1. Taking K and R as +1 and D and E as -1, what net charge do the other residues with C-beta under 11 Å from the C-beta of E158 add up to?
2. Between L98 and A144, what is 0.36 nm times their sequence separation minus the Cα-Cα distance? Round to one decimal in nm.
3. Report the Cα centroid-to-centroid distance between the range 22-82 and the range 147-171 in angstrom, as an integer.
4. Pairs of lysines 8 or more apart, or on different chains, with alpha carbons under 29 Å: count those in the chain, would you?
5. Tell me the label only: which of [x] 34; [y] 38; [z] 41 is percent of Cα pairs over 23 Å apart as calculated from this structure?
6. Report in % the part of the accessible area of the chain that belongs to carbon and sulfur, leaving out ligands and nucleic acids; probe 1.4 Å.
7. For every other residue with a beta carbon closer than 15 angstrom to the beta carbon of I84, add +1 if it is Lys or Arg and -1 if Asp or Glu, then tell me the sum.
8. Taking loop as defined by DSSP and a crowding limit of 13 other beta carbons within 10 Å, which GluC sites (Glu not before Pro) in the range 1-105 fit?
Amino acid sequence: MKERTVKTITLTVNRRSYSFTIGDGQNDMPENELLADTLRNRVGCTGVKLGCGQGACGACTVILNKKPVMSCMTLTLDCDEAEIVTIEGLADAATGRLSALQQSFVDHCGYQCGFCTPGVIMSAQALLEREELPTEEEVREALAGNYCRCGTHYSAVESIMAYVEQRRAAK
């Protein structure tokens, strides 16, 4: 009888720790499971959207160790000990209140159907963590990997720039 090798990985998702056993057992995670599937199906972060499945649309963007990544192109196995933030992790954990960036999207109609919005916000959040007051050109560059079929890219940029102006005014 073949001895089963067991590997456990740990992820921190939105400040909460999760452990998964990698293997071929009934409740194990397969080695080839994608981060998008893990986040949606095992952790319950349904704000991570599966669009193209090829890393071209950006709907599945999350922040992995402070960098934006396409979770549909990332193996969960490669994320052991990683810190991951999804759209659900931006809201205040205690009150559920949206982050200022999320609220800016609501206030400035930075969405239409909403499918791509979580990925757009996560790309913007990653930029804002690197650059406190980005220019519009930097915002557009940061969103280059996000595709919106509804055409709300313009209002998304406007929403982000409105948030940047709030930051600037608060200084």
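The values are calculated or read from the model by the stated rules, or taken from the named source; none is laboratory data. Just so you know, these numbers come straight off a predicted model, no measurement behind them. Cβ coordinates were reconstructed from backbone atoms using ideal geometry, including for glycine residues, and neighbour counts include every protein chain displayed. Protein only, heavy atoms only, side chains kept; ligands, DNA and RNA dropped before computing areas. Shrake-Rupley method; radii C 1.70, N 1.55, O 1.52, S 1.80 Å.
1. Numbers: positive: none; negative: D107, E136, E165.
My count for the surroundings of E158 gives -3.
2. On the way: separation 46, 0.36 × 46 = 16.56 nm, distance 2.44 nm.
Extra length available between L98 and A144 comes to 14.1 nm.
3. After rounding, the separation between the Cα centres reads 27 Å.
4. Details: K7/K49; K7/K66; K7/K67; K49/K66; K49/K67; K66/K171; K67/K171.
Taking the chain as the scope, the lysine pair count is 7.
5. Entry [z].
6. Numbers: 4520 of 9620 Å².
C and S fraction of accessible area: 47 percent.
7. On the way: positive: R15, R16, R40, R42, K66, K67; negative: E33, D37, D78, D80, E81, E83, E88, E129.
Local charge sum for I84: -2.
8. Values: sites: E3, E31, E33, E81, E83, E88; in loops: E3, E31, E33, E81.
Counting only loop positions with at most 13 other Cβ atoms within 10 Å, the GluC sites (Glu not before Pro) in the range 1-105 are E3, E31, E81.
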